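Student: Let me give you the structure first, and then I'll get to my questions.
The values are calculated or read from the model by the stated rules, or taken from the named source; none is laboratory data. Quick caveat: nothing in here was measured; it's all calculated off a predicted structure. FYI the Cβ positions are ideal-geometry reconstructions off the backbone, even for glycines, and counts take in every protein chain you see. For the accessible areas, the whole protein counts, side chains as well, though only heavy atoms, and no ligand, DNA or RNA atoms are used. Shrake-Rupley method; radii C 1.70, N 1.55, O 1.52, S 1.80 Å.
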Amino acid sequence: MSRAAADSGAPPGEERSLRPGEHLLGRWGTSSTGPLLLCFGALHGNEPAGVEAIRRVLERLERCRVRLAGELVGVQGNCRALRRDLRFLDLDLNRLWTPGRVRAWLEGRPPEGAAEDAEQGELVAVVQQELQQAERPVYFLDLHTSSAEGPPFATIGDTLRNRRFARAFPLPVLLGLEELVEGSLLEYLNNCGAITLGVEGGQHRDPVSADRLEAAIWLALDAAGLLDAGDAPWMGEMRDRLARACRGIPRLLDVRYRHPIPPGSRFRMRPGYRSFDPVARGEVLADQDGREIAS
């Protein structure tokens, strides 16, 4: 777990404040030429593995003095929730990136009240600064983990550019998931013209999740044209790490249905299921508020 995921020990009332520069984990490369790879971890505060993966990559780039034909920028998302190991404090930060909400921030009409309102305002400023630096290709890698055990996978907005980028990763790609989730940062940056990819590394607390997300960042640097693989002899190991974790899973899957779980609902999966397990029609998968949920 990243150090940032632990409780900050801040005095009462200060846990919702932000330390200067806390969102920016670091940057490496040159901002004058070449593409930008923008990596986000911990848009949900109970998902520290993405932050840990970004830190590992930035540290190795610096230690090995790896040259990049562009720039890698690492950002942590919900800093306040990350300190408290919570998905969010008041609102899901990865559901707030609707055009109207972002426009309100840019026009100086910020929403007020929720912890994530202030968090989003700070991230809007970070994102806008990076997007306006120069006219160069922008790639966005959104790093996540999930509550369920299972192999890593990728999600994309279904465009040709995103599909080409996703093919560079030995990961199953889920199509249609972004259409069922409104207000994600991935969708917003895709609509801003960035080439985008979301990666789920595994279960929140599994140490292997950070390993997988680290591998995804290295492959993204290569696929975006920032990295000469000869300058990173560990690239083969990173590719194999992801390929082994996904063996036997189809490369392309289409999401047809997402089961909603309202706040306060009592939902529990039946034991023994992992992500991507095949199921039969009518198979009972879970229980919710006293009724069976079947496929």
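Student: Could we say that Asp228 is open to solvent by 40 Å² or more (accessible area, probe 1.4 Å) and modelled with pLDDT of 95 or more here?
Tutor: No: the conditions fail for Asp228.
Student: For region 207-251, enumerate the residues that are of a type in the set (Gly, Ala, Ser), touching a Pro at 6+ places or on another chain (Cβ under 7 Å) and not in a helix (DSSP H, G or I).
Tutor: Here is the first cut: in region 207-251, the residues of a type in the set (Gly, Ala, Ser) are 209-210, 215-216, 220, 223-225, 229-230, 232, 236, 243, 245, 248.
Filter once more, so that each one left must be touching a Pro at 6+ places or on another chain (Cβ under 7 Å): 224-225, 243, 245.
Those that are of a type in the set (Gly, Ala, Ser), touching a Pro at 6+ places or on another chain (Cβ under 7 Å) and not in a helix (DSSP H, G or I): Ala224, Gly225.
Student: If the requirement is being more than 27 Å from Glu71 (Cα to Cα) and assigned to a helix (DSSP H, G or I), which of these qualifies: Glu130, Glu116, Glu149? Show your work before the answer.
Tutor: Values: Glu130 fails: more than 27 Å from Glu71 (Cα to Cα); Glu149 fails: assigned to a helix (DSSP H, G or I).
Only one candidate qualifies: Glu116.
Student: Tell me the residue from Arg109, Arg101 that is assigned to a loop (DSSP other than H, G, I, E, B), farther than 30 Å from Gln203 by Cβ and either in contact with a helix residue (DSSP H, G or I) (Cβ under 9 Å, 6 or more places away or on another chain) or not acidic (Asp, Glu) (or both), please. It would help to see each step written out before you state the result.
Tutor: Numbers: Arg101 fails: assigned to a loop (DSSP other than H, G, I, E, B).
It is Arg109.
Student: Could you grab me the full set of residues in region 232-263 that are at pLDDT 90 or above and farther than 19 Å from Leu174 by Cβ?
Tutor: Selection gives Ala232, Pro233, Trp234, Met235, Gly236, Glu237, Met238, Arg239, Asp240, Arg241, Arg244.
Student: For region 204-225, which positions are open to solvent by 40 Å² or more (accessible area, probe 1.4 Å) and under 15 Å from Ala148 (Cα atoms)?
Tutor: Across region 204-225, the qualifying residues are Arg205, Asp206, Pro207, Val208.
Student: Could you check region 235-264 and list, in sequence order, the residues that are in contact with a strand residue (DSSP E or B) (Cβ under 6 Å, 6 or more places away or on another chain) and over 16 Å from Leu285 (Cα atoms)?
Tutor: Answer for region 235-264, where residues must be in contact with a strand residue (DSSP E or B) (Cβ under 6 Å, 6 or more places away or on another chain) and over 16 Å from Leu285 (Cα atoms): Leu252, Leu253, Asp254, Val255.
Student: Go through region 152-177 and count every residue that is assigned to a loop (DSSP other than H, G, I, E, B) and within 19 Å of Pro250 (Cα to Cα).
Tutor: Residues meeting the conditions: 12.
Student: I'd like to verify a number: residues in region 271-293 that are in contact with a Leu (Cβ under 7 Å, 6 or more places away or on another chain) and modelled with pLDDT of 95 or more, how many?
Tutor: Qualifying residue count for the region: 1.
Student: Could you please let me know if Ala4 is modelled with pLDDT under 95 and either touching a Phe, Trp or Tyr at 6+ places or on another chain (Cβ under 9 Å) or surrounded by 18 or more Cβ atoms within 10 Å (Cβ to Cβ) (or both)?
Tutor: So Ala4 passes the test.
Student: Within region 178-193, track down each residue that is buried (at least 22 other Cβ atoms within 10 Å of the Cβ) and in a loop (DSSP other than H, G, I, E, B).
Tutor: Within region 178-193, just Ser184 meets the criteria.
Student: Moving to a separate point now. Condition check: closer than 30 Å to Thr30 by Cα, at pLDDT 95 or above, of a type outside the set (Phe, Trp, Tyr) and outside any loop (DSSP other than H, G, I, E, B). Does Val73 satisfy that?
Tutor: Here the answer is yes, as Val73 does meet what is asked.
Student: Please name all residue pairs, on different chains or six or more residues apart, with Cβ atoms under 6 Å, provided the first residue is in region 221-239 and is without any contact (Cβ under 8 Å) to a residue 12 or more places away in the chain and the second residue is surrounded by fewer than 21 Cβ atoms within 10 Å (Cβ to Cβ).
Tutor: Pairs found: Ala229/Asp222; Ala229/Met235.
Student: Looking only at region 133-153, which residues are under 20 Å from Gly202 (Cβ atoms) and surrounded by fewer than 22 Cβ atoms within 10 Å (Cβ to Cβ)?
Tutor: Passing the criteria: Ser146, Ser147, Ala148, Glu149, Gly150, Pro151.
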